[in-house]
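Shown next, in structure tokens, is the structure this report addresses.
The values are calculated or read from the model by the stated rules, or taken from the named source; none is laboratory data. On a predicted model such as this, the values are computed, not experimentally measured, just so you know. Note: ideal-geometry Cβ built from the backbone for every residue, glycine included; neighbour counts use all protein chains shown.
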Amino acid sequence: MDIELLVVSDCPHTAPARDLLRQALADVGLPHQGFTTREVSTPGQAAELGFTGSPTILIDGRDPFAEAGRKTGLACRVYRGSDGALAGVPGLVDLRRALKQAADPGPSRS
């Protein structure tokens, strides 16, 4: 599994996103799974990567939290939790689910 954390320079949510990703990986039984952090610094890079804000987590090149119609760009990203609350990082439960699906795609994944 290839995991990337995409951020903009000086994003206040970079450290919390790294911590969240480490926690979620440990929780799903992948404590030694690595990930890379990449800084997105130009609108062209953002467009190429499908980057809709910092932080963005890509799992095997896919953003599991992508929202249809969101434009790419160098901006902060806001996530809506299952309880409707807004946060600067995805919810732990949602991230665990995305990691489990990527680690064990099964027959339902296309």
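In the set Arg18, Arg38, only one residue is at pLDDT 95 or above, of a type in the set (Lys, Arg) and in contact with a helix residue (DSSP H, G or I) (Cβ under 9 Å, 6 or more places away or on another chain); that residue is Arg38.
Looking only at residues of the stretch 32-89 that are without any contact (Cβ under 8 Å) to a residue 12 or more places away in the chain and assigned to a loop (DSSP other than H, G, I, E, B), we find that the one that is surrounded by the fewest Cβ atoms within 10 Å (Cβ to Cβ) is Ala68.
Checked against (1) more than 19 Å from Val28 (Cα to Cα); (2) touching a residue at least 24 places away in the same chain (Cβ under 8 Å); (3) charged (D, E, K, R), Asp94 passes all but condition (1).
Counting the residues of the stretch 97-106 that are part of a loop (DSSP other than H, G, I, E, B) and touching a residue at least 24 places away in the same chain (Cβ under 8 Å) gives 0. Note on the stretch 11-22: residues that are surrounded by 14 or more Cβ atoms within 10 Å (Cβ to Cβ) and either in contact with a strand residue (DSSP E or B) (Cβ under 6 Å, 6 or more places away or on another chain) or touching a residue at least 24 places away in the same chain (Cβ under 8 Å) (or both) amount to 7. From the set of residues in the stretch 1-15 that are in a loop (DSSP other than H, G, I, E, B) and out of contact with any helix residue (DSSP H, G or I) (no Cβ under 7 Å at 6 or more places or on another chain), which is farthest from Lys71 (Cα to Cα)? Across the stretch 1-15, the extreme among qualifying residues is Asp2.
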